[in-house]
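Data first, discussion second: the structure below is written as structure tokens.
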Amino acid sequence: MANQHTERYSYSAQVRRVIQFHPQSEFSTMGKNDTAAFEEFLHLSEQYGKVSETGKQMSSRFLELYCLYQIAASLSDKMELHATVETVRHLFKRLFSLDHFTLLLVDEETHELRVKNHFGPRSLVHQRKSFPLDHSLFGRSLQQKEPCYLADLTAAGDEATADLTEKNGALVCIPLQSDSHGDLGTILLHRGEKDSFTETELELFARIGAQISRVLDKILIYHHTKALSITDDLTRIFNRRYFNQRFEREIQRAQRYNRALSIIMVDIDFFKQFNDTYGHLVGDEVLRNTARVLEKNLRQADIVARFGGEEFVILLPETNKSKARRVAEKLRSAVEKHRFKAEGNEEKLQITVSLGVASFPEDSLKAENILAHADKALYMAKAAGRNQVGYLKDEKQAEDIPHYRFATA
């Protein structure tokens with residue numbers, strides 16, 4: 001059971017911190033008149049709070065509304081997770097007289113908790129890479145769906161404090177959960193004095209945790225929806241729509257700053273024959289494998305997308321034609337060496353690709369011509385026997401060669 005709050009942790013002191021923020025702080029939402037009026041209100045509420053709980057309750061309610069508003073306001077047009085996490089850290093640091101704060105979120109790939117933000121002399125948890133969701137302390141709070149309060153860490157036992165850097169004082173674990181995403185994460189709050197969190201604070205933390213969860217849920221839904229709109233369902237790389245948007249931005253940047261930029265068109269050789277022989281399920285596996293090999297052999301700054309059917313397109317920012325040809329050859333070799341096993345087929349399968357390279361400004365100064373030249377270079381590679389890299393030597397050659405996608409592959 002939490003004890004009665006001391007002056008250090010009183011809501012009067014906490015609310016006063018709200019109006020003592022730096023005037024230029026992004027969290028300061030009051031004008032000078034509002035601040036003066038509220039100071040008067042706070043003074044009166046403290047006076048009458050000695051004989052009545054009304055002032056205390058009003059201060060508590062104001063603090064709650066302020067926190068909930070600031071967390072909701074962290075949702076910007078960009079829906080950035082970092083902005084919300086930073087807002088939460090700032091609120092807890094300025095309003096609640098904490099010695100330590102740590103926010104952990106669930107990693108979508110590993111489904112483990114990872115530290116995203118903290119303050120205090122050091123993180124409240126040991127610097128390990130991740131924590132399982134069924135961890136004794138975190139798991140209990142997530143399972144109960146309400147804050148878990150350890151009033152005295154000294155008496156809590158090694159099991160509860162095994163991964164904590166602090167072994168004394170009081171600790172609150174706030175679960176972050178939503179109906180659509182389940183467990184989102186947890187927040188750990190620590191004070192060096194034992195039994196130093198009040199019942200009112202624990203109730204407030206539960207409501208703040210629910211608000212944080214709602215905001216995190218909206219951010220995750222937004223980014224998931226956005227990812228679906230720019231991702232190819234089969235290969236899980238970018239789709240043509242995203243490539244077109246990105247290419248337009250990159251070519252404008254290259255033109256403005258006189259930078260190089262290259263395009264590589266990639267087509268799987270004899271893909272229709274492969275499909276007819278092994279079936280469409282194996283054909284899908286070929287597409288997925290090719291996408292993975294291409295992605296693995298590119299820089300993080302490069303963009304690979306499925307252009308349509310068995311064709312891929314690669315955007316190489318800040319890359320001239322000579323370097324792009326070397327990249328294309330590296331990709332061709334990597335695909336040729338790759339072997340994969342299709343479900344229901346004991347035979348290890350091999351594929352090859354043909355590639356076409358075009359660059360700005362060497363091949364053309366116009367964006368539409370770069371794609372067209374890469375397409376014609378791909379046709380050259382196909383016509384020359386496949387499993388090779390094609391490129392145009394000059395504009396005259398470009399005029400004499402048809403577009404690949406209008407020719408027979």
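The values are calculated or read from the model by the stated rules, or taken from the named source; none is laboratory data. Nothing here was measured: the structure is a model prediction, and the numbers come from that model. When we count neighbours, we look across all protein chains shown, and the Cβ atoms used for this are built from the backbone with ideal geometry, even at glycine.
Data for the structure
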| read-out | value |
| --- | --- |
| Selection count, region 290-318, where residues are in contact with an Asp or Glu (Cβ under 8 Å, 6 or more places away or on another chain) and part of a loop (DSSP other than H, G, I, E, B) | 2 |
| Region 271-323: number of residues that are of a type in the set (S, T, Y), surrounded by fewer than 20 Cβ atoms within 10 Å (Cβ to Cβ) and farther than 14 Å from V357 by Cα | 2 |
| Cβ-Cβ under 6 Å pairs, at least 6 apart or on other chains, region 68-93 side surrounded by 15 or more Cβ atoms within 10 Å (Cβ to Cβ), far side at pLDDT 75 or above and charged (D, E, K, R) | V85/K116 |
| Unmet criterion (only one of (1) exposed (fewer than 15 other Cβ atoms within 10 Å of the Cβ); (2) basic (K, R); (3) at pLDDT 80 or above) for R128 | (3) |
| Qualifying residue in region 340-351 (condition: out of contact with any Leu (no Cβ under 6 Å at 6 or more places or on another chain), part of a strand (DSSP E or B) and at pLDDT 95 or above) | no |
| Count of residues meeting criterion [small (G, A, S) and within 22 Å of the chain's Cα centre (by Cα)] in region 124-149 | 1 |
| Check on E108, without any contact (Cβ under 8 Å) to a residue 60 or more places away in the chain and at negative phi | yes |
| Residue that is farthest from A160 (Cα to Cα) [pool: residues in region 104-128 that are part of a loop (DSSP other than H, G, I, E, B) and touching a strand residue (DSSP E or B) at 6+ places or on another chain (Cβ under 7 Å)] | D107 |
| Only one of D232, D217 that is surrounded by 17 or more Cβ atoms within 10 Å (Cβ to Cβ), at pLDDT 90 or above and more than 24 Å from A160 (Cβ to Cβ) | D232 |
| Test: residue in region 267-286 that is modelled with pLDDT of 90 or more and within 23 Å of K366 (Cα to Cα) | no |
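Results for (1) under 33 Å from the mean Cα position of the chain (by Cα); (2) over 28 Å from Q252 (Cβ atoms), shown as yes or no for each residue.
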site: P317; (1), (2): yes, no
site: S322; (1), (2): no, no
site: E329; (1), (2): yes, yes
site: L349; (1), (2): no, yes
site: V357; (1), (2): yes, no
